[in-house]
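The values are calculated or read from the model by the stated rules, or taken from the named source; none is laboratory data. None of these values were measured; they are calculated from a predicted model. Ideal geometry is used to build each Cβ from the backbone, glycine not excepted, and the neighbour counts take in all protein chains shown. Just so you know, the surface numbers come from the protein's heavy atoms only, side chains and all, with ligands and any DNA or RNA stripped out. Shrake-Rupley method; radii C 1.70, N 1.55, O 1.52, S 1.80 Å.
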Amino acid sequence: MVNVAILGYGTIGSGVANVLWTNKEVIDKKTGEDVRLKYVLDLRDFPGDKVESILTHDFNTILEDDSVQVVVETMGGLKPAYDFVKKCLLAGKSVCTSNKALVENSGAELNAIAAEKNANFLFEASVGGGIPIIRPINECITADVILEISGILNGTTNYILTKMGSEGLDFGTVLKEAQDLGYAEKDPTADVEGHDAGRKIAILSSLAAGSQVNFEDVYTEGITKITDRDFEYAKTLSATIKLVATSKLAENGGRCVMVTPRMLPLTHPLAGVNGVMNAIFVKGNMLGEAMFYGAGAGSLPTASAVAGDIVDAVRNLGHNKKAEWKSEPLKLLSVDDVKNRFFVRISGDNEDAARKAFGEGQIVRVTNGEFAYVTGEMTEKAFAEAKETLEGVLGYIRYA
Ligand code: HSE
């Protein structure tokens, strides 16, 4: 028998309990063990809920019970999750978490403690919800040099952008609607400013590089400045607009990690990823291209990924599955040196001035009084400088 405890009975934690109860037969068959949920830790009471008989308010009950070999952390945030997870690992228990802030912030350290204690620190659910992406990067594409990871890693912003594109609505209207429907948080900052996607691409970049990539070093732009007019231009260009997190290896061996809105041609693999769905495109030097698509959030999809980790942890009790993640921060390429194409909206009619500032490019018009210019490839620094020389720039989006 293997006993499991869950820390936090919120959306994900209750989903994990549900998976463990509903799919017990499958899980026992796949592990060859009787996998039992022994405790659930939460500050709250849940009268009448199935969890009542195994609910505890005291973390030490779980920590001090040697029969608990696998602990699931679904509390979110760093406090007290970090302390609890570290104590469990130091006690030789394996930990499975969905907590991206914890993984991004302390993944290297917790991974090292797990290795020292012949336990495992597993976090498949921390990126892409139910989509398998951590294990593929750590265990499947692990013999490749990972040249690129590009993904739609945030369901809230993808829902908002999809709706703006399909219904011609402005950002504020769609955000309010998404909040009313419970798709977007009351405080949507982390999602709409790209911080959530930034944490997730930092985790994927750390795994691809085998060294720590800090969220604070990831260049991040959100979607709050995207307008319904931008979508009119996108339509004319047979394109759409997505919030894309990218992690790319440059020719000089440096890695550039950024989260920005992008205007993507409809032929781009990420262009057809709509609504709350997520997708991650990976390019390896031997693999070529692969794409992972699915439910990036939600109770059961995320819990399914956590439960997969539980099975993995049970199969590997007493054995650490090696995962390279050094704690020294990886020095990222300066965004200034990154090359992109840009879609720029300019008021007035002075096409020559745009050509002079940005070089040869494509002119697009959807209304009077302004036009858009799609530049050729140029560095971020060159673009920023060129933009300053031009009057009437209304906005810009990276293109493709
Ligand atoms: N707020 C996140 C999203 C939840 O919208 O994708 C999953 O991490």
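Multiplying the residue separation of Leu90 and Glu391 by 0.36 nm and subtracting their alpha-carbon distance yields 102.4 nm. Rolling a 1.4 Å probe over the protein chains gives Tyr219 an accessible area of about 70 Å².
Our helix-only sum for the chain, with -39,500 (n - 2.57) per DSSP H run of n ≥ 4 divided by its residues, gives a mean residue ellipticity at 222 nm of -10000 deg cm²/dmol. Near Lys186, once Lys and Arg are set to +1 and Asp and Glu to -1 for all other residues with Cβ below 13 Å from its Cβ, the sum equals -3. Tally Lys and Arg at +1 and Asp and Glu at -1 over the other residues with C-beta under 13 Å from the C-beta of Ile363: what net charge comes out? Net charge around Ile363: -2. Across region 328-344, computed HN-Hα scalar couplings (Karplus, 6.51 cos²θ - 1.76 cosθ + 1.60, θ = phi - 60°) run 5, x, 6, 7, 8, 5, 5, 4, 3, 8, 6, 9, 8, 9, 10, 9, 10 Hz from first to last residue, x flagging Gly and Pro. Would you work out if the chain is rounded, prolate or oblate? Take a ≥ b ≥ c from the square roots of the eigenvalues of the alpha-carbon gyration tensor; rounded if a/c is under 1.5, else prolate when a/b is larger than b/c, oblate otherwise. Prolate, because a/c is 1.5 or more and a/b exceeds b/c. Over 20 Å between Cα atoms: which of Lys24/Lys50; Lys200/Lys242; Lys79/Lys100; Lys163/Lys242; Lys86/Lys326; Lys200/Lys339 fall into that group? Beyond 20 Å between Cα atoms: Lys200/Lys339. For a distance above 13 Å, tell me the whole-number percent of Cα pairs in region 134-192 that qualify. Considering region 134-192, 67 percent of its Cα-Cα pairs are separated by more than 13 Å. Length available on full extension from Glu109 to Lys381: 0.36 nm per residue minus the Cα-Cα distance, which gives 94.4 nm.
Local charge for Ala5 was computed over the other residues whose Cβ lies under 15 Å away, with Lys and Arg +1 and Asp and Glu -1, and equals -3. Taking the C-alpha atoms only, the angle from helix 81-90 to the longest principal axis of the chain is near 50 degrees. Taking the DSSP bridge list for the chain and keeping only pairs wholly inside it, about 65 percent are antiparallel.
Using a ≥ b ≥ c from the Cα gyration tensor of region 184-309 (square roots of the eigenvalues), is it rounded, prolate or oblate, where a/c under 1.5 gives rounded and otherwise the larger of a/b and b/c decides, a/b for prolate?
rounded
In terms of accessible area, using a 1.4 Å probe and ignoring ligands and nucleic acids, Val366, Val26 rank largest first as Val26, Val366.
Using the average count of surrounding beta-carbon atoms within 10 Å as a protection proxy, the listed peptides 220-229, 330-339, 384-393 rank, highest first, as 220-229, 330-339, 384-393. Each residue, Met291 and Arg36, gets one label point 7 Å from its Cα in the Cβ direction; the gap between the two is 4.7 nm.
On the accessible surface of region 161-320, probed at 1.4 Å, how many percent belong to carbon and sulfur atoms? The computed percentage sits at 50.
Dividing the Cα radius of gyration of region 276-353 by its Kirkwood radius returns 1.17 for Rg/Rh. For region 20-101, the carbon plus sulfur part of the accessible surface works out to 50%, probe radius 1.4 Å.
With every protein chain present, what accessible area does His268 have (1.4 Å probe, heavy atoms only), rounded to the nearest 10 Å²? My reading of the accessible area for His268 is about 50 Å². Considering only Ala115, Met75, Ala354, the residue lying farthest towards the positive end of the dipole of the chain is Ala115, judged by Cα position with unit charges set on Cβ. Residue by residue, region 246-256 carries 3J(HN,Hα) couplings of 10, 9, 10, 8, 8, 4, 7, x, x, 10, 10 Hz when phi is fed to the Karplus relation 6.51 cos²θ - 1.76 cosθ + 1.60 (θ = phi - 60°); x denotes Gly or Pro. Accessible surface for the chain, divided over its residues, is 44 Å² per residue with a 1.4 Å probe.
Among the aspartates and glutamates, which fall within straight-line cross-link reach of Lys387, defined as a Cα-Cα distance under 20 Å, with same-chain neighbours fewer than 8 residues apart omitted? Cα-Cα hits under 20 Å: Glu221, Asp230, Asp336, Asp337, Asp349, Glu351, Asp352, Glu360, Glu370, Glu377. Angle check, please: helix 11-22 long axis (alpha carbons) against the longest principal axis of the chain (alpha carbons), in degrees 0 to 90, nearest 10. Rounded to the nearest ten degrees, it is 50.
Can you pull the one-decimal nm distance between simple spin-label points at Glu232 and Glu185, each 7 Å off the Cα toward Cβ? For the pair Glu232/Glu185, the computed spacing is 3.4 nm. By a 1.4 Å probe calculation restricted to protein chains, Thr302 has an accessible surface near 10 Å², given to the nearest 10.
Placing a pseudo-label 7 Å from each Cα along the Cα-to-Cβ vector at Thr142 and Thr56 gives an inter-label distance of 3.2 nm. Among rounded, prolate and oblate, which fits region 1-131 when a ≥ b ≥ c are the square roots of the eigenvalues of its C-alpha gyration tensor, a/c under 1.5 means rounded, and a/b larger than b/c means prolate? Taking the square roots of the gyration eigenvalues as a ≥ b ≥ c, region 1-131 is rounded. Placing +1 on the Cβ of every Lys and Arg and -1 on the Cβ of every Asp and Glu, with no other charges, gives the chain a dipole of roughly 620 debye about its Cα centre.
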